[in-house]
1. When you check B:L190 against the structure, is it more than 16 Å from the chain's Cα centre (by Cα) and in contact (Cβ under 8 Å) with a residue 60 or more places away in the chain, yes or no?
2. How many of the residues making up region A:178-194 are outside any loop (DSSP other than H, G, I, E, B), touching a residue at least 12 places away in the same chain (Cβ under 8 Å) and not hydrophobic (A, V, I, L, M, F, W, C)?
3. Hey, can you tell me all the residues within region B:26-49 that are within 9 Å of another protein chain (Cβ to nearest Cβ), closer than 23 Å to B:V199 by Cα and open to solvent by less than 20 Å² (accessible area, probe 1.4 Å)?
4. What helices (runs of 4 or more DSSP H) completely inside region A:244-302 contain at least 2 residues that are more than 14 Å from chain B (Cβ to nearest Cβ), modelled with pLDDT of 85 or more and open to solvent by 10 Å² or more (accessible area, probe 1.4 Å)?
5. For the structure I just gave you, tell me whether B:T56 is of a type outside the set (A, V, I, L, M), open to solvent by less than 10 Å² (accessible area, probe 1.4 Å) and at pLDDT below 95.
6. Of everything in region B:30-46 that's in a strand (DSSP E or B) and of a type outside the set (G, A, S), which residue is farthest from B:G136 (Cα to Cα)?
7. Would you list the helices (runs of 4 or more DSSP H) that sit entirely within region A:16-100 and hold 2 or more residues that are crowded, with 24+ Cβ neighbours inside 10 Å?
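The values are calculated or read from the model by the stated rules, or taken from the named source; none is laboratory data. What you see is a predicted model; the values in this text were computed from it and never measured. Cβ placement follows ideal geometry from the backbone for every residue including glycine, while neighbour counts extend to all protein chains displayed. Surface accessibility is based on the protein's heavy atoms, side chains included, excluding ligands, DNA and RNA. Shrake-Rupley method; radii C 1.70, N 1.55, O 1.52, S 1.80 Å.
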Amino acid sequence: MASQELLIAPHRFAVGYFRQTFWNWLIGTAFFLGGVGGGLFLVSLLTRHVAGMIAGFLIVVVGKNTAHLLFLGRPERFLAAARRPDRSWIARGIWAMGVFMVTGFVTILLQAHSALIHLSEPAADANFTLAAASALFIACYDGFLMRSSAGVAFWRTLLLPLLLFMYASLGGITLSLTLRELHGEIPPAGLKSLEHGLIVANFFLLAIYLYRMSRSLPAARETMRELVRGSYARAFWGLVLLMGLVATLLFSLLHSTLHVSVFVGLIAGCELLGDFSMMMLMLKSGLFGQQIAPTNNRATAF
Amino acid sequence: MARLGMVIDLKRCIGCNACTIACKQENGTPEGIHYARVVTQEVGTYPQTKRTFLPTLCNHCTDAPCAMACPTGATYIRPDGIVMVNHKLCIGCRACNVACPYMNRHFIERGLLKHGYSGNGISPLEAIKFADFDEGTNIKCTLCAHRVDQGLEPACVVTCPTDARIFGDWEEENGKLQRLVKERNGWALLPEYETKPNVYYLDA
């Protein structure tokens, strides 16, 4: 049997692709919460929904930041990560988080308890713009961060930040709709249709992503094979596609027709599960390239 | 301006892993962390089979993606081209680990410096060497910068019994590195990642 068939290297002294194990479930959780929380805050901000803004703000500020701090090897030094925004997406993320924490909090105060704080109209407008921009940045900068991580070929595409932004938007809209349903509020016109459109768009974007990767570097092609037919295929087909997109769309359409409240929980559960699974699979399935000499390729052609 | 690097002659490498051991002894890296390692592969089908060896180390890339990814500036490139880590600045975000296509960045997990290889606590040698490391931070091959600064060659180079590792300066016009690569059509690992590595290989 040709040794080229041993694709995943069993240890560091062997030839093969290496699995990405450096960024684990904590980073995956942080990226997921950043996407969902940022998306929820942004959607709620644009539709003036205070409960959604508060929930999004807390998901990002408490959830995402806690996961990041738990992941860091030296969390007490985390502020040092803000030093190089000119080169690092992590540094840019820290700055955006700082802006979001201030402007997001002020925005919530202005919306919920306007008596507590007074801002002139231009200042309030500037605060609104900064809060929206920083929420948008937080929702999708993780994609740029992953894309700039040159070692993992499967992440090296501009489609990744776009995919994470689309998932963040979908997660934000789904959670916003869920919160409104729970409060017995009527969602703004078009939000439900936008959710359906995003589910379909995400499906096609995932397909385009995989197609693009099937024509990329060898490590990216192998990652794609792992996702579609390999050790992550069950999770990819079952959780990301079936639960995350197909079931979410199905339950959402059923809810639009039947108006049964149990579907609200099912829609949110399926969407969040699919979103989180997609994020984790992106991290876990990533492979580093095979380090082989050209002579090896010749040798295997005996 | 110097650009230090290495050429590894695969025709000379016998896969003895002396470089791996010399590096461990020189740098005293914790358990499971190897700056230098020899990747071994069995190729072909019986009866036409052979083993190939590929000694690896940090490529000290000119466009080092690990240095680009570092948010704190802990990873930096010295004027002589050696890629270094200032562990006092490292926050352990592991962005450099996922940025390096060669997997030559190493994270020191919590508790790793509390036990040595023997399983009976850390040895006197480890106690000295581990003082250079910091749990929760990243480390990497320094091309034995502490030796280079004294005019010596890296430990893996001086230990190699077959002189398979050749250390030098890429900027030296028609120097030994440039000459070897030109004469024997040298190549670098994973050129498609566009990191401009400073470690080249010569065919076996």
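1. no
2. Residues in region A:178-194 being outside any loop (DSSP other than H, G, I, E, B), touching a residue at least 12 places away in the same chain (Cβ under 8 Å) and not hydrophobic (A, V, I, L, M, F, W, C): 4 in total.
3. Result: B:R37, B:V38, B:V39, B:Q41.
4. Values: elements: A:248-258, A:262-284, A:294-299.
Passing ranges, in order: A:248-258, A:262-284.
5. On the way: of a type outside the set (A, V, I, L, M): yes; open to solvent by less than 10 Å² (accessible area, probe 1.4 Å): yes; at pLDDT below 95: no.
No.
6. B:T45
7. Numbers: elements: A:25-46, A:50-58, A:65-71.
Passing ranges, in order: A:25-46, A:50-58.
To keep it simple, each residue is scored yes or no on (1) crowded, with 22+ Cβ neighbours inside 10 Å; (2) over 16 Å from B:C141 (Cα atoms); (3) basic (K, R).
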position: B:R51; (1), (2), (3): no, yes, yes
position: B:P65; (1), (2), (3): yes, no, no
position: B:I82; (1), (2), (3): yes, no, no
position: B:G92; (1), (2), (3): yes, yes, no
position: B:R105; (1), (2), (3): yes, no, yes
